[in-house]
Each structure stands twice: as C-alpha cells, then as structure tokens.
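The values are calculated or read from the model by the stated rules, or taken from the named source; none is laboratory data. Keep in mind that this is a model prediction, so the values were computed, not measured. Cβ placement follows ideal geometry from the backbone for every residue including glycine, while neighbour counts extend to all protein chains displayed.
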Ligand code: PAF
C-alpha cells in the first residue's frame, strides 16, 4: 500500500532518530519508490560521497522543502578523463553515513557501476555547445559522463526537486537545461557555494591539500573576485604557484580551474 504524506513524514522523523535506509540494490530501491503516493514530494541530492558542509547545505535545503530526501553516493567513472583522479577520489563512507544521518536524510542509494551501466556506457547524453567549454574543453567527455549518470539517477529516484551546488555552476546549468530539454517534471535547484572562512570554496578535493595548500587555495576566490581582468587574475595565481587550466568570463560569471599541489580546484563568481 502507498504510504500517505503523514506516514512518510512520520517515517522521516523516526529515521532521523535512528538509521537512514541504505539501498545498494537499485532493484530494491525501484520497488520501494513505487510505494510512494504521488503527493509525497521527493527531494534528491546526487553526490560522489566525501561529504562536507557544502553537501550538508544541499541536504538541509532538500529536507526543508520536501517530504522525503534521497541522497546518492556514487563515484562515477565515466566523468573522469584522468584515471588517477578517479582512483584518488576520496572515499569516506563511514563519515558520510554520520553526516547524512545527522542531517536527517531518509534514504541513500549507493549503486555499483554494473547496476547503473548495464549497457557498459553504450548510451550517452551528449550536449553539443556549453559542455565543450571551460571544464569540458580540458576534460574531454567529462560532461557526457555527468549528464548520463545524472539522467540515470533522476530516472531511478524520480524526484520533484534535485539540488546542485553553484560551485559546479557549469554542471548545474547543463543539468538544468537537460531536464528542460527532455521535458522532465523536475525542478533543478541551484544552491549557493559554501566557503571556508578564508573564502575557499568547499570541495571534497580540499582534503587532498596540505595545511599550507589549504591556506593558499583561498587565493583563488580572492583573485577572481578582486582582479579586474581574467588575465590579471590568472597572472596572480601563476605568480603564487598555481597552474591555471582556464580562467574565463562567460555570461555574467567568471570561471576558473587551477591546480595546486596536483589537486584540481574550481570556482566561479558572478561579475558585476
Ligand atoms: O557534482 C558531483 O558530485 C557529480 O558530478 C554528480 C552530479 C554527483 C554526478 O556524478
């Protein structure tokens, strides 16, 4: 029998106090999803794990705005063009469980590659313009992997709202436009970038920086916000030991990707 709104709210509270429901079988999650009545609003936060306060802010927003929140944790290999970057991606399952449970998430899906890619990535979502710029120009195929996995996850979860951080603004915009393009009844919600006190954008990759690197990485936000031109901002970063991949104004935003201590960091700000 489908749970009513009240039952789901009750279930949300009881899960909040006990354990979050974890699905590593997508078949089981799909059956579970079928039990929901249409009036239960579902929020979805897709992640690759290594959760930090930035993710928690997306989860909190989803929990506030919906009856039931689903978190996905899947380090998606098809969006990594560099195999080392994929293998080095931080995995912090136990800490993620603690954060997700404390936030009050209702369900976590943690699929395997074979479950998400039964076709072994024969079918792809490819966007032909914006995905080729900025991060897409350097990381060939990156957004094909992102859009494909997000499409699969959205089909599985069938949320009313899905939440994405503006730190990955290009990703947010591409997903937002894909959802519109394919007439999917989902609201793609942008959430502001969370920053450390230093201004550094919160990112799972920050954990790979040394203490000194963490301090220095704050210069990215400082220079892209303060410098008048992209050339000046890029030069300042280079002078401070960053390898700048790109630093570009696009529409009303300034975007940057730069390496520090071999870690690729991205950020963006609106330009006035
Ligand atoms: O932003 C991320 O963590 C990933 O790109 C996403 C959206 C979960 C897809 O793998």
Contacts under 6 angstrom Cβ, first residue in region 69-86 being under 16 Å from residue 59 (Cβ atoms), partner near the ligand (Cβ under 10 Å from one of its atoms), 6 or more apart: 71/45; 72/46; 72/153; 73/47; 73/49
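Inspect all residues belonging to region 130-138 and state whether any of them is assigned to a helix (DSSP H, G or I), more than 13 Å from the ligand (Cβ to nearest atom) and surrounded by 14 or more Cβ atoms within 10 Å (Cβ to Cβ).
Start the filter on region 130-138 by keeping residues that are assigned to a helix (DSSP H, G or I), which leaves 130-132, 135-138.
Right, trim to more than 13 Å from the ligand (Cβ to nearest atom) and you get 130, 132, 137-138.
Next, from what is left, pick out any that are surrounded by 14 or more Cβ atoms within 10 Å (Cβ to Cβ): 130, 137.
Yes, because at least one residue in region 130-138 is assigned to a helix (DSSP H, G or I), more than 13 Å from the ligand (Cβ to nearest atom) and surrounded by 14 or more Cβ atoms within 10 Å (Cβ to Cβ).
Return yes or no: is residue 182 more than 17 Å from the chain's Cα centre (by Cα) and within 30 Å of residue 105 (Cα to Cα)? Full working, then the answer.
On the way: more than 17 Å from the chain's Cα centre (by Cα): yes; within 30 Å of residue 105 (Cα to Cα): yes.
Against the criterion (more than 17 Å from the chain's Cα centre (by Cα) and within 30 Å of residue 105 (Cα to Cα)), residue 182 qualifies.
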- prompt: Could we say that residue 224 is over 21 Å from the mean Cα position of the chain (by Cα), assigned to a helix (DSSP H, G or I), over 18 Å from residue 79 (Cβ atoms) and in contact (Cβ under 8 Å) with a residue 40 or more places away in the chain here?
  reply: yes
message: Looking at region 51-99 only, could you name the residues that are touching a strand residue (DSSP E or B) at 6+ places or on another chain (Cβ under 8 Å), more than 12 Å from the ligand (Cβ to nearest atom) and under 16 Å from residue 164 (Cα atoms)?
response: 57, 59, 61, 62, 63, 65, 66, 69, 70
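Within region 29-50, restricting attention to residues that are near the ligand (Cβ under 10 Å from one of its atoms) and in contact (Cβ under 8 Å) with a residue 60 or more places away in the chain, which residue is surrounded by the fewest Cβ atoms within 10 Å (Cβ to Cβ)? I'd like the intermediate steps shown before the answer.
Just the residues of region 29-50 that are near the ligand (Cβ under 10 Å from one of its atoms), to begin with: 45-50.
Adding the requirement that they be in contact (Cβ under 8 Å) with a residue 60 or more places away in the chain leaves 45-46, 48-50.
Working: 45: 32, 46: 23, 48: 18, 49: 21, 50: 21.
By that ranking, first place goes to 48.
Select, from 171, 115, the only residue that is surrounded by 14 or more Cβ atoms within 10 Å (Cβ to Cβ), under 18 Å from residue 79 (Cβ atoms) and either over 19 Å from the mean Cα position of the chain (by Cα) or at pLDDT below 95 (or both).
Values: 171 fails: either over 19 Å from the mean Cα position of the chain (by Cα) or at pLDDT below 95 (or both).
Within the list 171, 115, the selection yields 115.
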- prompt: What is the residue count in region 157-194 for residues that are assigned to a helix (DSSP H, G or I), touching a residue at least 40 places away in the same chain (Cβ under 8 Å) and more than 13 Å from the ligand (Cβ to nearest atom)?
  reply: 1
message: Condition (residue is under 22 Å from residue 80 (Cα atoms), more than 12 Å from the ligand (Cβ to nearest atom) and buried (at least 18 other Cβ atoms within 10 Å of the Cβ)) applied to region 147-154: is it met by at least one residue?
response: no
- line: (1) under 17 Å from the mean Cα position of the chain (by Cα); (2) crowded, with 19+ Cβ neighbours inside 10 Å; (3) within 21 Å of residue 92 (Cβ to Cβ) all hold for residue 188 apart from (3)
message: Residue pairs, Cβ under 8 Å, 6 or more apart or interchain, first in region 115-129 and within 14 Å of residue 155 (Cα to Cα), second surrounded by fewer than 17 Cβ atoms within 10 Å (Cβ to Cβ). List them.
response: 115/25
